[in-house]
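Worksheet: the structure to be examined is printed underneath.
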Amino acid sequence: MTASIRMAVRRGIATIDIDASEGRPSLDSAARAQLLLSLRQVGDDPAISAVVLRGSGQDFCEGRDLDEGAARLSRDPVIGVRELELQTAQVVHMLATVHKPVIAAVRGRCTGEGLALALACDLRVLADDAVLSTTSCELGEHPDRNLRAALTRWVGVDRARELTLGGRRFTAREALEWGLVADVVPSSHVVDVALGQAAMLARLPADQLDAAKIMLAGAAALELEQALCAASATS
């Protein structure tokens, strides 16, 4: 089911929900546009100090809306892939550059584009029941260049290739061992832990947080450029 994006603000912390009323959430063009708008509002609002991105149900995000993706690819596969990757890249870039810390609270399935969003956040809190994958292979989704590059940056060429070629699922514990995440907690606690981290960051001086994020983004951009070259070489 295609998700909608909902945002609420309380005590200086914005909670952005990837919300599907039933079934597992996936993203189409409208949902990506809503997410971009929410992140721009966060960046422009001085009353907001930190952001938690989460799935409102049992899963974080299960990638792209396959019906929309199939329609684009049926018209022109090359242009369709480029359009989808560009849309994902816009959201990933906004998550990485918005001048507020963003924490992903991940439980359940986090696959395909959902994994790309989680990796673009500044911090990630994973539930012990989280299942992660570069693709929803059984549904025919293929990982895009943004995700391949992000994985290469985080876990290196060989492991990124292993995860990408077969779409192998991996667990929260594996993500912790590989350095993709700093915390793995019980599923019932994942949102509270993420909100606690956001509250801690919200108490810090905004200009210091902004400067730290800019510095880290600069280092990440250099790593990403190297990762893109490596990912292109293995495509």
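Every residue in segment 87-127 that is farther than 20 Å from L163 by Cβ and either under 9 Å from the mean Cα position of the chain (by Cα) or among the acidic types (D, E) (or both), please.
Correct list: V91, L95, D122.
Identify the residue in segment 1-33 that is of a type in the set (S, T, N, Q) and at pLDDT below 95 and, among all such residues, is farthest from L86 (Cα to Cα). Reasoning before the result, please.
The initial filter retains those residues of segment 1-33 that are of a type in the set (S, T, N, Q), namely 2, 4, 15, 21, 26, 29.
Okay, now just the ones that are also at pLDDT below 95, so 2, 4, 21, 26, 29.
Values: T2: 19, S4: 20, S21: 27, S26: 17, S29: 11 Å.
Only one residue tops the list, namely S21.
Of all residues in segment 82-123 being out of contact with any helix residue (DSSP H, G or I) (no Cβ under 7 Å at 6 or more places or on another chain) and surrounded by fewer than 20 Cβ atoms within 10 Å (Cβ to Cβ), which is nearest to A206 (Cα to Cα)?
Filtering segment 82-123 for residues that are out of contact with any helix residue (DSSP H, G or I) (no Cβ under 7 Å at 6 or more places or on another chain) and surrounded by fewer than 20 Cβ atoms within 10 Å (Cβ to Cβ), the one nearest to A206 (Cα to Cα) comes out as H93.
In segment 24-51, what residues are more than 17 Å from E113 (Cα to Cα), out of contact with any Leu (no Cβ under 6 Å at 6 or more places or on another chain) and not in a helix (DSSP H, G or I)?
Hits for segment 24-51 are D45, P46, A47, I48, S49, V51.
If I ask for residues that are surrounded by 15 or more Cβ atoms within 10 Å (Cβ to Cβ) and not hydrophobic (A, V, I, L, M, F, W, C), which ones from segment 174-195 would you list?
Within segment 174-195, E174, D183, S187, H189 meet the criteria.
The values are calculated or read from the model by the stated rules, or taken from the named source; none is laboratory data. Quick caveat: nothing in here was measured; it's all calculated off a predicted structure. For neighbour counting, all protein chains shown are included, and Cβ atoms are generated from backbone atoms with ideal geometry for every residue, glycine included.
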